[in-house]
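Step one of this worksheet: look at the structure below.
The values are calculated or read from the model by the stated rules, or taken from the named source; none is laboratory data. Predicted model, so just to flag it, every value in this text is computed and none were measured. All Cβ positions, even for glycine, are placed from backbone atoms using ideal geometry, and neighbour counts span all protein chains on display. The accessibility values were calculated without ligands, DNA or RNA, using every heavy atom of the protein model including side chains. Shrake-Rupley method; radii C 1.70, N 1.55, O 1.52, S 1.80 Å.
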Amino acid sequence: MKFSQGRCGFGVANNLLWLASILKVLLVKAKAEISLLEIFSLEVESTTRNFLGNRVCAVAGLDRRNDLWYDHEKREEHSKPVQMASGAGDWSSSPIDDYETLISTTDVELLKRAWRNEKASPEILPFQDALVKRAKEQIQLMEETVDEFEESGHDPLIVSLYQMDLDRAQFLLRSYLRVRLQKIEKFMFCIWKNDTYRDRLSEEEKSFIESCIRVIEKHLDETVLSKLPENYRDILKQSAISEEDDMVPEPQLDTFVVANCKRATRPLYLDSNRQSAVFDNRDDYFQMVPGDLCIIRYKPFREELINGNIDLV
Amino acid sequence: MAGQSDPHVSLFSAEEVEFIAEDEMVEIVPNMTIERLNFISGDFGPFLPLTVNQVPLWLAVALKKRGKCAIRPPHWMSVENLTKVLEEERDSQGAFQALPFHYVEISRLLFDHAREDIPDIYLVRSLIEDIRDVRLHKVETSLEKFSGTSAVKIPNLSAMEVNIIRPFVGRALQAFYKHDNPEKIPDIDRVSSGQSRVANSEPPRRPLRR
């Protein structure tokens, strides 16, 4: 165990105590009314963690971000250069900036961003796997630290401050997972049959959605569908003559969201007939530059969101 | 359920907007020594009496509640600056003046918890209220001129103002868009009735026109 390295300075060989606290955490979590997912995903794994892991992971996460960035650029080369005509090259920053922002950003900040985006976007976004894992580890470590502080008779003021910090991080993580679960419950059939959406789920969410679909299907079948005429028994189709699944709720991608621009977006051609924006109607292309706050239709900007050029607020 | 707001009323509840604002940094002057705090959200301190420290607002408020520090009001909260902003806000009809994104929440928290740290608190408070009213009025009048589009720039609008107009503007724009492109959006009524049948926790969505 590398706890001795931890900056909170707690003892090295508290194996037993540590196990006990994990058990306690498990127990409390199981008792509290929490989603299936959280129980599934409570991992008790490596024993070597320290606070520095945070920064290391942030840098490790950087490579992935860069890959994404390069992918994006490559794709851009293949696509029509028409869109690039106005102000090419201007619309994004270098990977160096990414690095700068990443090392100066804490996981809480990243989690907050993920939470806001997830809350505001109509469709399900890619699961922030590494981030959630890091956040969980840090929260668990902080829980242990706070317990230790309480036992060792630390200044109650300090303990309560640490507890507040912990509560804030926990709230963000829980709310993030719950917002996703809400979306999954709402659009489960749509997500399940669409590969892109399905790949955005974590393993736990996948098993959740499977059992959820099973239960709903069984329930609807038993209560209603089996009593309907034969042609109307499908759970996804209105009747047997429907060619496609026309009873599957899909996310409404034409909803409007409020977005804050972090890196300049590609100039986007929005619609042909109506282009006038109230505050800004210069030309047919619409481009967001850093610092811009806009109300936008979600659909044309979904890639910009996933690429991290804009944040929803 | 960890403070989950009902997503159908408004995307973010007022509490959630305040939660976000509590991460903004403010300056405090502690009156006691506190060792360095290694939080998940970052490292702060060490705090020494009478030295200025940058901390997030929630920490400042927590320390202030226990009487361990004085909060320095941010520069934009000075009477001179606010008077200037209010004048410019009244003069320019279309545009909004630059204020911190969370100015409403920050000033509210400081008024509630750090009254004695703000010089001329009554003046400052009424100035901020006036600014807020002028801006909200401006938002309302510009909404009257609204037309269908896919993107609207709203420079300098604050978090609270965005949150207030979001449900209305979002639906209005969606309705505009729907009427402009009748073929693109499936009939909302049909979708929502299908939805209320499959996911029965969902109340049928109100049709956009009304």
How many partner chain Cβ atoms sit within 10 Å of a residue's Cβ in peptide A:298-305, on average, as a whole number? 1
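Leaving out ligands, DNA and RNA, calculate the buried accessible area for the pair B and A with a 1.4 Å probe, summed over both sides, in Å² to the nearest 100.
It comes to approximately 6300 Å² buried between B and A.
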Quick calc: nm separation of the 7 Å Cα→Cβ label points for A:Lys227 and A:Glu210 -> 3.2
Note down the nm distance, to one decimal, between modelled labels 7 Å out along Cα→Cβ at B:Tyr122 and at A:His219. 5.9
By average C-beta atoms within 10 angstrom, highest first, the peptides A:167-174, B:167-174: A:167-174, B:167-174
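Would you please put B:20-33, B:102-115 in order of how densely packed they are, using the mean number of other Cβ atoms within 10 angstrom per residue and starting with the highest?
On the way: B:20-33: 17.5, B:102-115: 19.7.
Highest-to-lowest ranking by the protection proxy: B:102-115, B:20-33.
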Amide hydrogen neighbours beyond the local backbone of A:Leu312, cut-off 5 Å, H modeled: A:Asn117, A:Asn260
For A:Leu268, residues with placed amide H under 5 Å, excluding near neighbours: A:Phe286, A:Gln287
Amide proton proximity set for A:Gln238, modelled H, under 5 Å, gap of 5+: A:Asp246, A:Met247
Cβ neighbours within 10 Å from other chains - mean over B:33-40: 6
Which of the residue pairs A:Lys299/B:Lys153; A:Lys112/B:Lys64; A:Lys206/A:Lys262; A:Lys136/A:Lys206 have a Cα-Cα distance greater than 21 Å in the structure shown? A:Lys112/B:Lys64; A:Lys206/A:Lys262
Rounded to the nearest whole number, the Stokes-Einstein translational diffusion coefficient of segment B:14-201 at 37 °C and 0.692 mPa s (Kirkwood radius, C-alpha pairs) in µm²/s is 167
Peptide-level mean, for A:164-170, of C-beta atoms on other protein chains within 10 Å: 5
Obtain the nm distance between the two label points defined at A:Tyr285 and A:Glu185 by a simple spin-label model: each point lies 7 Å from its Cα along the Cα-to-C-beta direction. 4.5
